[in-house]
């Protein structure tokens, strides 16, 4: 995997908030990956809630 370094401009307050999520020994890459994973899980839960309804019809009844 490439070790490319990218810069993401942040407001000072946003950087401080992000810093509160960073634990000892963690890299900024670790923090961002955790945020991405958390957002993906949230999106999956929301999708499941939207598609989970009482209109379920078993396939063998179609």
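The values are calculated or read from the model by the stated rules, or taken from the named source; none is laboratory data. Model, not experiment: these values are computed from the prediction. Note that we place each Cβ from the backbone using ideal geometry, even for glycine, and neighbour counts take in every protein chain shown.
Candidates 13, 23, 19: the one that is free of Cβ contacts under 8 Å to residues at least 40 places away in the same chain, part of a helix (DSSP H, G or I) and loosely packed, with under 10 Cβ neighbours inside 10 Å is 13.
Checking 37, 49 one by one, the residue that is assigned to a helix (DSSP H, G or I) and modelled with pLDDT of 95 or more is 37 and no other.
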